[in-house]
Amino acid sequence: MANETQTAATRWAGVPLAARRDERRARLVEAAFELFGTQGEAGVSVRAVCRACNLHARYFYESFSDTGELLGAVYDRVAAELSERLLAALEAAGDDLAERTRAGIRTVLDFSSADPRRGRVLFTEARANPVLAARRQAAQTALMDEVLHQEARTRPAVDPRLARVGAAMFTGAMVELVQQWLAGSLGDDLDAVVDHATLLMAPHLP
């Protein structure tokens, strides 16, 4: 035990306090991501998270007031990763509406299933959790706003009301599509699902 304490002290020698806190917070978020992504909300407790990342409980409360706040941080991290990939895919697709639709659908489905923990965090687990429900609603609104922004840039003559209706339909359909894809209800052929979804969704976009 003494050697472990000495090793920890040596490791953190000269490291600013803020950096230590950030590192501990990142470890807590990563541990919660693993637990939530594999066991669901029931698997995330202060004790389980601290055990998984080998931190004392006092360090949990240094960063988070409760597990709900921690799950919010997990959601924010995964959602930010998806947003970054989605924007890059849309940019690479250019201005063609069908290609942008295809790129967006493929990116969301692939991101969510390539690592099932991501899909569980973003779409399928703890729908009654107020923190995650609020995050998911905000993410859905952000996706709709992004669709509107992108279409205003590429098709400025479209009627704003029509654009909002189309964006709302696309956003709602995407949430259900991802949930069905993750549940295995649509098979395992990503290309086929993307093709069908693009064909069905494109006519309803602005």
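Below, the figures for the structure above:
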quantity	calculated
Helices (runs of 4 or more DSSP H) wholly inside the stretch 57-114 containing at least 1 residues that are within 16 Å of the chain's Cα centre (by Cα)	67-93, 97-114
Check on E146, within 30 Å of G43 (Cα to Cα) and open to solvent by 40 Å² or more (accessible area, probe 1.4 Å)	no
Candidate set from the stretch 36-56 (those that are in a helix (DSSP H, G or I) and open to solvent by 60 Å² or more (accessible area, probe 1.4 Å)); member that is farthest from R135 (Cα to Cα)	R51
Lone unmet requirement of (1) under 25 Å from L70 (Cα atoms); (2) buried (at least 19 other Cβ atoms within 10 Å of the Cβ); (3) polar (S, T, N, Q) for S113	(2)
Single match in R127, R153 (criterion: open to solvent by 30 Å² or more (accessible area, probe 1.4 Å) and either under 21 Å from the mean Cα position of the chain (by Cα) or β-branched (V, I, T) (or both))	R127
Search result, residues across the stretch 1-53 that are modelled with pLDDT under 70 and of a type in the set (G, A, S)	A2, A8, A9, A13, G14
Matching option when the condition is open to solvent by less than 20 Å² (accessible area, probe 1.4 Å), closer than 21 Å to D110 by Cα and out of contact with any Pro (no Cβ under 7 Å at 6 or more places or on another chain), among F60, F33	F33
Residues of the stretch 116-133 classified as touching a Gly at 6+ places or on another chain (Cβ under 8 Å) and free of Cβ contacts under 8 Å to residues at least 24 places away in the same chain, total	0
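The values are calculated or read from the model by the stated rules, or taken from the named source; none is laboratory data. Keep in mind that this is a model prediction, so the values were computed, not measured. FYI the Cβ positions are ideal-geometry reconstructions off the backbone, even for glycines, and counts take in every protein chain you see. To get the accessible areas, we keep the full protein, side chains included, count just its heavy atoms, and leave off ligands, DNA and RNA. Shrake-Rupley method; radii C 1.70, N 1.55, O 1.52, S 1.80 Å.
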